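Below is one structure, written out as structure tokens; comments come after it.
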Amino acid sequence: MSDAKKIPPPLWLLAEVTYRCPLHCVFCYNPLNYAANKKELSTEQWKEVLRQARKLGAAQLGFSGGEPLVRDDLEELIDEAHQLGYYTNLITSGVGLTEARISKMKELGLDHIQLSFQDSTKEMNDFLSSTKTFDLKSRVAALIKKYDYPMVLNVVLHRYNLDHIGRIIEMAVEMGVEYLELANTQYYAWASVNRDQLMPTREQLVRAEATVQEYRAKLGNKLKLLFVVPDLFEDKPKACMNGWGSVFLAVAADGSALPCHAAQSLPGLTFPNVTEHTMEDIWYKSDAFNRFRGYDWMKEPCRTCPEKEKDFGGCRCQAYALTGDAQNADPVCGKSPSHDVVKQIVLKTTNRPVEEKPLVFRNDMNSLRIASEAEKQTS
């Protein structure tokens, strides 16, 4: 157990208020078995989470899901958060954001809205989300501008839309976007199921990054462009979540407290629930939050690596997914004994079969099927 005196307080709270969502994105980071768990914290339980986390030191709050707008009490939670002094961010697909709601949220003190698109055309946006939402999203983008919010757009990139990156940037310019996050897919949860179909080739990435650089030079400060390269094409791991249990605290729809979005994919960890434990005990005393704090848990080559204070050994979920052991070095790292696993995954993108597996869309039917298959494997 870590010494609580040496553990910094959480700064960023992610409130995943629901797993319900009208979209069916193939790269969603929600748990594969989400449909088997319909529990959601009540309004008063969420308010208590916000109070306790603020008391701990959390200053930035993201409302996410699923789609947070499906909660009828979202405005009430925004009001509570504003009164507590959080900087609040709504992370949304835009579905459900009417003018009446955005007007009320502005009045209640919502600070920031991040809107997602799947692509720059109606056809591809709607295919990738398995919905008809492109026109709706475009109207929501106009509403965000009308109510004088910073215009922040997020597009998750992968094989199917990476070659459209120039058109995506042009769309953002036309919408008056101030900040465009082009985040290449990270292969957890639903994206892990669809990894072989979603992985781009290295040539696609090189072209896309060159296009981003061209637009940066062309647009200057008119549009801030963030291009996040997928881990599997690197040889140095990212400092995942700035270190496990360091600054980030997520609370899932059912009240499970998590050190990162994908932590529930790790076996052997019991994640405390906010209905049974205080946020203070969860952050400072729980095994789940202390398991990968610091450096004592590390194996070689991480334990003696001078980079460990910068990258914290990389991502625990990725280490488990690709090596079967969450304590191993993130195999993205060139020093990892398992780095060849990553090389083979990347190489596979150039030798894809002509007939590929169909994409597995995030929906209740697929979620229940996956949960049932997992239960059979463990029984």
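Identify, from the list Phe248, Phe289, Phe312, Phe271, the residue that is open to solvent by less than 60 Å² (accessible area, probe 1.4 Å) and without any contact (Cβ under 8 Å) to a residue 24 or more places away in the chain.
That would be Phe271, the only listed residue that is open to solvent by less than 60 Å² (accessible area, probe 1.4 Å) and without any contact (Cβ under 8 Å) to a residue 24 or more places away in the chain.
Only one of (1) free of Cβ contacts under 8 Å to residues at least 24 places away in the same chain; (2) surrounded by 23 or more Cβ atoms within 10 Å (Cβ to Cβ); (3) not in a loop (DSSP other than H, G, I, E, B) is not met by Pro331, so which one is it?
(3)
Glu174 fails exactly one of the following numbered conditions: (1) without any contact (Cβ under 8 Å) to a residue 40 or more places away in the chain; (2) assigned to a loop (DSSP other than H, G, I, E, B); (3) farther than 21 Å from Glu67 by Cβ. What is the number of that condition?
In the conditions (1) without any contact (Cβ under 8 Å) to a residue 40 or more places away in the chain; (2) assigned to a loop (DSSP other than H, G, I, E, B); (3) farther than 21 Å from Glu67 by Cβ, Glu174 misses (2) alone.
Which count do you get for residues in region 346-358 that are assigned to a loop (DSSP other than H, G, I, E, B), within 12 Å of Arg195 (Cβ to Cβ) and open to solvent by 80 Å² or more (accessible area, probe 1.4 Å)?
The qualifying residues number 1.
Assess whether Ala208 counts as being touching a helix residue (DSSP H, G or I) at 6+ places or on another chain (Cβ under 9 Å), of a type in the set (A, V, I, L, M), open to solvent by less than 30 Å² (accessible area, probe 1.4 Å) and within 30 Å of Glu48 (Cβ to Cβ).
no
Among the numbered criteria (1) over 29 Å from Arg369 (Cβ atoms); (2) of a type outside the set (D, E, K, R); (3) buried (at least 16 other Cβ atoms within 10 Å of the Cβ); (4) touching a Phe, Trp or Tyr at 6+ places or on another chain (Cβ under 7 Å), which single criterion is violated by Cys28?
Of everything listed in (1) over 29 Å from Arg369 (Cβ atoms); (2) of a type outside the set (D, E, K, R); (3) buried (at least 16 other Cβ atoms within 10 Å of the Cβ); (4) touching a Phe, Trp or Tyr at 6+ places or on another chain (Cβ under 7 Å), Cys28 misses just condition (1).
Looking at (1) under 17 Å from Glu234 (Cα atoms); (2) out of contact with any Leu (no Cβ under 8 Å at 6 or more places or on another chain); (3) buried (at least 16 other Cβ atoms within 10 Å of the Cβ), can you tell me which one Lys343 breaks?
(3)
The values are calculated or read from the model by the stated rules, or taken from the named source; none is laboratory data. Note that the structure is a prediction, hence the values are computed from the model and not measured. When we count neighbours, we look across all protein chains shown, and the Cβ atoms used for this are built from the backbone with ideal geometry, even at glycine. SASA here: full protein model, heavy atoms, side chains in, ligands and nucleic acids out. Shrake-Rupley method; radii C 1.70, N 1.55, O 1.52, S 1.80 Å.
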